[in-house]
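Quick one: the structure is below, and I'll ask about it shortly.
The values are calculated or read from the model by the stated rules, or taken from the named source; none is laboratory data. Since the structure is predicted, the reported quantities are computational estimates derived from the model, not experimental observations. Don't worry about glycine lacking a Cβ; one is built from the backbone with ideal geometry, like all the others, and counts go over all protein chains shown. Surface accessibility is based on the protein's heavy atoms, side chains included, excluding ligands, DNA and RNA. Shrake-Rupley method; radii C 1.70, N 1.55, O 1.52, S 1.80 Å.
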Amino acid sequence: MDQIKEIFVRKDLCMGCHSCELACAVAHSASKNIYEAMGEHPMPKSRVYVETVSASVPVPILCRHCEDAPCMHACIAGAIHRTADQAVVTDADKCIGCWTCVMVCPYGVIGRHLEARKAYRCDRCQDRDQPACVSACPTKALVYQTVTDFSKDLRRKAAEELSRGEGR
Amino acid sequence: MADARVPRKKSLDPAVNQMLAKAKKENIQTIWDRYETMLPQCGFGDTGLCCRHCLQGPCRIDPFGEGPREGICGASADVMVARGLDRAIAAGTAAHSGHAKHLAHTLLKMATGKTKDYRIKDEAKLKSVSTRMGIPVDGRSIADIAKDLAMAALADFHEKETPVMWAATVVPQKRVDVLLKHGLVPKGIDHEISEIMHRTLYGVDADAVNLLLAGLRCGVADLAGCYMGTDLADILFGTPTPVKSEANLGTLKKDWVNIALHGHNPVLSDILVSVAAQKQDMAKAKGAAGFNLVGICCTGNEIMMRHGIPSCTHSVSQETAILTGAVDLMVVDYQCIMPSVATVAQCMGTQVLTTMDLCKITGTDHMEFSEEEAGKKAEEILAMAALNYAKRKGKPVEIPDVKTPVVAGFSVEAIVAALSKLNAVDPLKPLVDNLKAGNIRGVCLYAGCNNVKVPQDENFVIMAKKMLKENVLILATGCGAGALMRHGLMDPANVDALCGDGIKAVLTAIGEANGLGGPLPPVLHMGSCVDNSRAVALAVAVANYLGVDTDALPVVASAAEAVSEKAVSIGTYAVAAGLPTHVGVMLPVMGSPLVVEVLTKTVRDVTGGYFIVDLDPESAADKLLAAIDERRKGLGL
């Protein structure tokens, strides 16, 4: 089976511009167009969050689509399931708004839509080749890769550091 | 981000597409490549919700309400958007009036004998403009009048006892009254620009409507800068009369010394044209057939209007001129010169020469131009180009075999002169009669640039063709004129195919009365972007004839593919003059529903004009036609 791509964060590259958040909200709007999306009801919501621990280090946080997803186990309405593409998604029709998923998610990336009264989160943009947040990131801090490729990139970077230490 | 749509095609122009294929083959980056690299563009900037006016910033407001709802200082989305728009208007105003100020200094140097290379080419216009400005002309020398006019022009930049005269004296009294009533009469051109910079500073104006009114006033100052630019250029270099020319890359000639004149001001380019005509031997000495001067952007429009110099290309496709490999020297002054010409020129072995202190480009050569030594500098430039030709001679070039006949040169004076052949006593009567009878349904001015977000020329061509069929008289300036000329809309031979019966009859009657043996071209070329003032002058003449204000006329404007902040300030004065004004690309204002409401609706209660923002050329044309019909109804037509 082909490896599934995940949205990974290369956190040293994030400039904190929040473009991913805007792109996410637009991708989850009815019009898919920022000018119209701003006026839609219910208001389109971003599912990626740029959090800042210290002022100079912004980090985009979003659903990891955990293999053993706590939210999926905890959902008493059975509204959360895993798609064929291995994305963990909430079925809005089944969601009863108990927020148990919010409580158990270690990343805090499940949102509460006040107008729709439903839980929402990243769905990896099922209708796009590449998630909107990844496309929008001007510094490529967000990448859409398989674990294998992402890890390999990390290893190569580490190897580069090591060889530089040896003066090569 | 909002413009994540990559255009279906890059350009409607086959010559441009041929050069883009060449660029791709040779791995040379053009504006279209850089645009794709930039996608998706930042949504905060796109909607105007980004502010860098103080060092606590940058701030951005989240249009989806999850993040910040105001800036660090407390500025609302409305304030942030209005401030940003004001600064764009101020920048556009600074550019047009900077161009005019340059001409005023040139006129003054000529009048005081500091330069021998300029003269008054249109004494009648010198006298008529001076009279309009209250400068005595009877029994005075041309030099004395010119000196006073130059001083009056320079005085219009600062605050003085009178308002900006180039605004107050060029519109109907009724319009002056409207502007006075709403505090929209500018005190000084530079004053208004400076005041915008002041009020958009950290912690000054935080009332979006007040900010927008100041923007409108600055827009009126921009009209003054444009009008002054046109007046002074006509006085120094001649008022355009109808002239035959050609457009597109096919005007470059393999065996000639090709000099592309790019930018905006005729101060240098007009001199170059006359010196080149006298110095053809310099080119022949290097084995060329002669000097072949071609224009790019509004410098091109200035010398096409006055001398019939062909237009090579315009705006978004300026790099393609260099991609032919046939340009021996690109001489630039200022405005709309993409820094990328330096890189493309390096790839092609073309020399680019900057000439103005305020516009130097890393990677190009600079030769400081001075009015005192204009003729000498022009000769030096020609020598440089001839030398480059000698190096290029025999090397392969690729010049697309694409060019279109053009008839240009329609100043208001030229239009009135043409109409006087139909009615010598009352030249505007035939125009107004045809307007009343419906042969001319209305008038539309196409202005502004080509924007990489739009397939080049598509909005202009679709809209103009649709409106010609509906018997709208089409005027064009700037790179809008460039777009329409490239596609044959300034070729009289295309009147039959393009025009509705009413407008066809009008263009034919005027053309035949003037001994052209056929019609005027479908679209009348009125000049460069400062020459949007000519369209205002024509509208004002018709309004005065009918005894109405300009906002009653069935006259509309469109910057269908706008790029520059100059297009924003032009659009603003079109709205200040009372015109329904279309913009075919998104302005960075959508983040503020209040600003959008004011620009598209509320401002109508103030000036009678309003913006129509529509990215679809078909529906935009329908909206402009509806606006024309509404105004016809208002006039009882």
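Taking the residues in region A:108-119 that are away from every other protein chain (no Cβ under 12 Å) and open to solvent by less than 30 Å² (accessible area, probe 1.4 Å) as candidates, determine which candidate is nearest to A:A79 (Cα to Cα).
Of region A:108-119, the ones away from every other protein chain (no Cβ under 12 Å) are A:108-110, A:116-119.
The next check asks that each one be open to solvent by less than 30 Å² (accessible area, probe 1.4 Å); those that pass are A:109-110, A:119.
Numbers: A:V109: 17, A:I110: 13, A:A119: 10 Å.
Ranking the qualifying residues of region A:108-119, first place goes to A:A119.
May I ask you to verify whether B:A326 is over 21 Å from B:L484 (Cα atoms), open to solvent by 10 Å² or more (accessible area, probe 1.4 Å) and not in a helix (DSSP H, G or I)?
Numbers: over 21 Å from B:L484 (Cα atoms): yes; open to solvent by 10 Å² or more (accessible area, probe 1.4 Å): no; not in a helix (DSSP H, G or I): yes.
When the stated conditions are applied, B:A326 does not pass them.
Hey, can you tell me all the residues within region B:266-316 that are without any contact (Cβ under 8 Å) to a residue 12 or more places away in the chain and among the acidic types (D, E)?
Across region B:266-316, the qualifying residue is only B:D281.
If you don't mind, another one. Condition first: assigned to a helix (DSSP H, G or I) and closer than 28 Å to B:N17 by Cβ. Can you find one or more residues in region B:372-388 that meet it? Lay out the reasoning, then the answer.
Of region B:372-388, the ones assigned to a helix (DSSP H, G or I) are B:372-388.
Add one more test, that the residue is closer than 28 Å to B:N17 by Cβ, and what stays is B:385, B:388.
Within region B:372-388, one or more residues are assigned to a helix (DSSP H, G or I) and closer than 28 Å to B:N17 by Cβ.
Spot the failing condition for A:T146; the list is (1) under 20 Å from B:L39 (Cα atoms); (2) out of contact with any Pro (no Cβ under 8 Å at 6 or more places or on another chain), and only one is missed.
(1)
Could you tell me whether any residue of region A:135-145 is in contact with a Lys or Arg (Cβ under 7 Å, 6 or more places away or on another chain) and hydrophobic (A, V, I, L, M, F, W, C)?
Scanning region A:135-145 turns up at least one residue that is in contact with a Lys or Arg (Cβ under 7 Å, 6 or more places away or on another chain) and hydrophobic (A, V, I, L, M, F, W, C).
Now a separate question. I'm trying to understand the selection: among the residues of region A:15-40, which are at pLDDT 90 or above, over 19 Å from B:G48 (Cα atoms) and open to solvent by 20 Å² or more (accessible area, probe 1.4 Å)?
Those that are at pLDDT 90 or above, over 19 Å from B:G48 (Cα atoms) and open to solvent by 20 Å² or more (accessible area, probe 1.4 Å): A:H28, A:A30, A:S31.
Please state which of the following conditions A:T83 fails to meet, knowing it meets all the rest: (1) open to solvent by 10 Å² or more (accessible area, probe 1.4 Å); (2) within 14 Å of chain B (Cβ to nearest Cβ).
In the conditions (1) open to solvent by 10 Å² or more (accessible area, probe 1.4 Å); (2) within 14 Å of chain B (Cβ to nearest Cβ), A:T83 misses (2) alone.
Then there's this: Going through A:C105, A:C71, A:C75 one at a time, which residue ends up being in contact with a Pro (Cβ under 9 Å, 6 or more places away or on another chain) and away from every other protein chain (no Cβ under 14 Å)? Walk me through it before giving the result.
Details: A:C71 fails: in contact with a Pro (Cβ under 9 Å, 6 or more places away or on another chain); A:C75 fails: in contact with a Pro (Cβ under 9 Å, 6 or more places away or on another chain).
The conditions single out A:C105.
Kindly evaluate A:R10 against the criterion of being open to solvent by 30 Å² or more (accessible area, probe 1.4 Å), touching a Ser or Thr at 6+ places or on another chain (Cβ under 9 Å) and more than 9 Å from chain B (Cβ to nearest Cβ). Don't jump to the end; show me each part of the working.
On the way: open to solvent by 30 Å² or more (accessible area, probe 1.4 Å): yes; touching a Ser or Thr at 6+ places or on another chain (Cβ under 9 Å): yes; more than 9 Å from chain B (Cβ to nearest Cβ): yes.
In short, yes.
Okay, moving on. Would you confirm, using the coordinates I've provided, whether B:I337 is closer than 23 Å to B:A91 by Cβ, touching a residue at least 60 places away in the same chain (Cβ under 8 Å) and not in a strand (DSSP E or B)?
Values: closer than 23 Å to B:A91 by Cβ: yes; touching a residue at least 60 places away in the same chain (Cβ under 8 Å): yes; not in a strand (DSSP E or B): yes.
It is true that B:I337 is closer than 23 Å to B:A91 by Cβ, touching a residue at least 60 places away in the same chain (Cβ under 8 Å) and not in a strand (DSSP E or B).
I'm checking my understanding of the structure. Among residues of region B:213-264 that are among the aliphatic types (A, V, I, L, M) and within 15 Å of the chain's Cα centre (by Cα), which one is surrounded by the fewest Cβ atoms within 10 Å (Cβ to Cβ)?
In this case the residue turns out to be B:L223.
For region B:43-64, indicate whether the set of residues that are open to solvent by less than 70 Å² (accessible area, probe 1.4 Å), among the β-branched types (V, I, T) and over 26 Å from B:L252 (Cβ atoms) is non-empty.
Narrowing region B:43-64 to residues open to solvent by less than 70 Å² (accessible area, probe 1.4 Å): B:43-51, B:53-54, B:57, B:59-64.
Checking the rest, the ones that are also among the β-branched types (V, I, T) come to B:47, B:61.
Imposing the further condition that a residue be over 26 Å from B:L252 (Cβ atoms) reduces the set to B:47, B:61.
Checked region B:43-64: at least one residue is open to solvent by less than 70 Å² (accessible area, probe 1.4 Å), among the β-branched types (V, I, T) and over 26 Å from B:L252 (Cβ atoms).
For the subset of region B:550-571 comprising residues that are crowded, with 24+ Cβ neighbours inside 10 Å and of a type in the set (S, T, N, Q), which member is farthest from the other protein chains (Cβ to nearest Cβ)?
It comes out as B:T550.
Could you list, in sequence order, all residues of region A:13-29 that are on the phi > 0 side of the Ramachandran plot and either within 9 Å of another protein chain (Cβ to nearest Cβ) or free of Cβ contacts under 8 Å to residues at least 12 places away in the same chain (or both)?
Across region A:13-29, the qualifying residue is only A:H18.
Specify the residue that is farthest from B:Q29 (Cα to Cα); the eligible residues are those in region B:348-358 that are surrounded by fewer than 17 Cβ atoms within 10 Å (Cβ to Cβ) and in contact (Cβ under 8 Å) with a residue 12 or more places away in the chain.
At the first step, the residues of region B:348-358 found to be surrounded by fewer than 17 Cβ atoms within 10 Å (Cβ to Cβ) are B:349, B:357-358.
Narrowing the set further to residues that are in contact (Cβ under 8 Å) with a residue 12 or more places away in the chain leaves B:349, B:358.
Values: B:G349: 15, B:L358: 26 Å.
Applying the filter and picking the extreme gives B:L358.
Hey, B:P400 hits all of (1) at pLDDT 95 or above; (2) open to solvent by 20 Å² or more (accessible area, probe 1.4 Å); (3) assigned to a loop (DSSP other than H, G, I, E, B) but one; which does it fall short on?
(2)
Related question: Which of (1) assigned to a loop (DSSP other than H, G, I, E, B); (2) open to solvent by less than 30 Å² (accessible area, probe 1.4 Å) does B:L637 not meet, given it meets every other one?
Just one mismatch for B:L637, condition (2).
Could you count how many residues in region A:30-53 are of a type in the set (S, T, Y), more than 9 Å from chain B (Cβ to nearest Cβ) and assigned to a loop (DSSP other than H, G, I, E, B)? Walk me through it before giving the result.
Step one: of region A:30-53, the residues of a type in the set (S, T, Y) are A:31, A:35, A:46, A:49, A:52.
Add one more test, that the residue is more than 9 Å from chain B (Cβ to nearest Cβ), and what stays is A:31, A:52.
Keeping just the survivors that are assigned to a loop (DSSP other than H, G, I, E, B) gives A:31.
Total meeting the criteria: 1.
Next question, about the same structure. Go through region B:572-631 and give me each residue that's closer than 19 Å to B:V555 by Cα, surrounded by fewer than 18 Cβ atoms within 10 Å (Cβ to Cβ) and within 14 Å of chain A (Cβ to nearest Cβ).
B:T600
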